[in-house]
Amino acid sequence: MHTVLGANGPIGEELTRELYRNFTHDIRLASRNPTKVHDTDQLITADLTDPEATNRAVEGSEIAYLTVGLPMDSHLWERQFPAMMRNVIEACTKHGTKLVFFDNTYMYPGTPTPQTESTRFEPNGRKGRVRAQIATMLLNAMTAGTINTLICRAPEFYGPGKTKSLTNSLVFDRIKAGKRPLVPVSAKTARSLIWTPDAGRAMALIGNTPDAYGQTWHLPVDTQRLSYAEMIQVAEQVTGRRIRYSVLPLAAFNIGGRFINQLKEVQELLPRYRGDNIFDTSKFTARFPEFTVTSYHKGISEILG
């Protein structure tokens, strides 16, 4: 039994599809309101902040994949993420279940220095501190040997379907709707974005590789690392039309954040848009050289096609 905790988000769904395609049809989907991706999927309703519900969701699982996402709300993250991680660690330890954790880069410093698996945690705000806290909880359990686990870490998403990110909402979704894209902070800096289906495929692959456990892995991205201006040029090629864009400076987010909570919540992430964002994935590439990464051109074509 492979159980996806926090199923039905963009990563959980892509992971579920890949598990079904290449690893197992014995899949359990656990979340507050789970829905089937395949007819054979088993569903269990579970609030992972509840220890008993978490225990029921994990029981009988060979591998559990923690893919929970929460809305951009610092108070919510502080209340729920540490409780979820604590409950999942305890349940996996109790049942001898291997744990694969899908993590992000909020705890990394927002500088142009290349980010590797050994980059120190230097969060720039409340959400980053929460992510550092829960990753450290798992790393401590890993070091103590109480749980067989690994961390899959990914940068900002872009992708099809219900993928949510600044890049999707401000750039590609607006282009698809015929609106002017809004570029956060700078159009000229290199971006490391992960195609959500690639994230799901890579997570399933790592989770089913026994010697990958006990480590942190950066998931694969297109190492061309286009700037937003270059991505929009690709979008012009795909759509066959001229696309003009506007850059939203830091000041626009700062002013808007006084009135719109969603803009306030993204402010701690903005330093990483001022300079190049270099997410190093050479460790993954060396271990899994056969993995094919989706190019920006192919990904953008699928979004806008």
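Miscellaneous remarks
- Cut-off under 5 Å, modelled amide H: who pairs with Leu43 long-range: Leu29
- Close amide-amide hydrogen proximity is noted between Asn8 and Glu13, each under 5 Å apart and 5 or more residues distant or on a separate chain (H modeled in the peptide plane; Pro and chain starts excluded).
- For the stretch 198-305, applying the loop criterion from DSSP together with a ceiling of 13 other beta carbons within 10 Å to the GluC sites (Glu not before Pro) yields Glu290.
- Whole-Hz ³J(HN,Hα) from phi, Karplus 6.51 cos²θ - 1.76 cosθ + 1.60, for the stretch 278-283, glycine and proline x: 10, 9, 7, 10, 5, 4
- Expected-Rg normalisation [2.2 N^0.38 Å, Cα atoms] applied to the stretch 106-162: 1.30
- Entry note: the stretch 77-173 has Rg to Rh equal to 1.01, where both radii use alpha-carbon atoms and Rh is the Kirkwood radius.
- Evaluating 6.51 cos²θ - 1.76 cosθ + 1.60 at θ = phi - 60° for every residue in the stretch 84-91, the Karplus couplings come out as 4, 4, 4, 5, 5, 4, 5, 5 Hz, glycine and proline recorded as x.
- Near His218, the amide H atoms lying under 5 Å from its own belong to Arg153, Phe284; only residues 5 or more places off or on other chains count, and H is placed 1.01 Å from N.
- Rounded to the nearest whole Hz, the Karplus-based 3J(HN,Hα) values (6.51 cos²θ - 1.76 cosθ + 1.60, θ = phi - 60°) of the stretch 108-113 follow the sequence 7, x, x, 10, x, 4, with x at glycine and proline.
- Beta-bridge orientation, the stretch 148-305: approximately 10 percent antiparallel, per DSSP, counting only bridges with both partners inside.
- Rule-of-thumb Rg ratio for the chain [Cα; 2.2 N^0.38 Å; N residues]: 0.98
- Charge dipole magnitude, Cβ of K and R +1, D and E -1 - the chain, Cα centre, debye nearest 20: 1140 debye
- Computed about its Cα centre, the charge dipole of the stretch 235-305 is approximately 220 debye, with only Lys, Arg, Asp and Glu carrying charge at their Cβ.
- Taking the chain as a Gaussian network of alpha-carbon nodes connected by springs under 10 Å, the highest mean-square fluctuation of the residues Phe23, Phe101, Phe172 belongs to Phe23.
- For the stretch 183-225, trypsin sites (Lys or Arg not before Pro) are listed when DSSP marks them as loop and at most 16 other Cβ atoms sit within 10 Å of their Cβ; the list is Lys188.
- All-pairs Cα distance distribution in the stretch 3-101, expressed in whole percent, bin size 5 Å: 2, 15, 26, 27, 18, 9, 3, 1
- Volume per residue for the stretch 191-291 equals 150 cubic angstrom (convex hull of Cα atoms).
- Share, in percent, of DSSP beta bridges within the chain that are antiparallel, nearest 5: 5 percent
Throughout, read-outs are computed from the coordinates displayed, never taken from laboratory work. Keep in mind that what you see is a predicted model, and the values were worked out from it rather than measured. Quick reminder, even Gly has a Cβ in these numbers, built from the backbone with ideal geometry, and neighbours come from all protein chains shown.
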